[in-house]
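The values are calculated or read from the model by the stated rules, or taken from the named source; none is laboratory data. Remember, predicted model here, so these are calculated numbers, not experimental data. Here the Cβ is made from the backbone with ideal geometry for all residues, glycine too, and neighbour counts use every protein chain on show.
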Amino acid sequence: MGMPKGHKHTAETKAKMSASHLKMTDETRAKISAANKGQKRSDAFRAKMSKIKTKHGYAKRGQKTSEYTTWESMNARCNNQNNPSYEDYGGRGIKVCESWKNFQHFYDDMGERPEGMSLDRIDNSLGYDKENCRWATAKEQIHNQRPRRHHQAFKQRIQALEAENDLLKSQILDLV
């Protein structure tokens, strides 16, 4: 599998390929080289190659696990200013702990995502780390939301209306 005839890599692509190549161990290079030379591949070898390519080994070629997607989303909310949720996370100072910048560490701490659950911060004023995160149901997460400004205003309006209603009730009772 080579380059299409007449195709040339850009300087940026060459730099990325070089950096990626430098990160590989000699053993990895040898395995890839052997694979590219058409040597017969065993299932065990393919499994090892899959782990090498995905780094964490929990995704099939071209697919991401729900845990990996969760990890990517968490990092994007906290670190990517172009993410629509950045203002509510990274913009408020919510950070991902240093250890969890590596997917494998995140996975080691959190384990597999149970069916029907998603990542939840126990204390919403704190960042993402082992002590402050859990897998939670949607119902648990609804009860664990920080108050929003518009919710506060709505609550205050309801309280004001209830107070007015109580006043009206007492005035009516005074007339009777």
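For this structure, a couple of remarks:
- Selection from the range 113-132 of residues that are in a loop (DSSP other than H, G, I, E, B) and either under 12 Å from the mean Cα position of the chain (by Cα) or surrounded by 14 or more Cβ atoms within 10 Å (Cβ to Cβ) (or both): Arg113, Met117, Asn124, Leu126, Gly127, Asp129
- Which listed residue is modelled with pLDDT under 75, closer than 30 Å to Asn102 by Cα and out of contact with any His (no Cβ under 8 Å at 6 or more places or on another chain), from Arg157, Arg146, Arg134: Arg146
- Selection of the range 63-94 for residues being surrounded by 15 or more Cβ atoms within 10 Å (Cβ to Cβ) and basic (Lys, Arg) yields only Arg77.
- Single unsatisfied condition, Met74 versus (1) modelled with pLDDT under 95; (2) within 18 Å of Gln141 (Cβ to Cβ): (1)
- One residue stands out in the range 77-105 among those that are assigned to a helix (DSSP H, G or I) and over 20 Å from Ser125 (Cα atoms): the one that is nearest to the chain's Cα centre (by Cα), namely Phe103.
- Filter result (buried (at least 17 other Cβ atoms within 10 Å of the Cβ) and either touching a residue at least 40 places away in the same chain (Cβ under 8 Å) or over 15 Å from Cys78 (Cβ atoms) (or both)) within the range 98-112: Phe103, Tyr107, Met110
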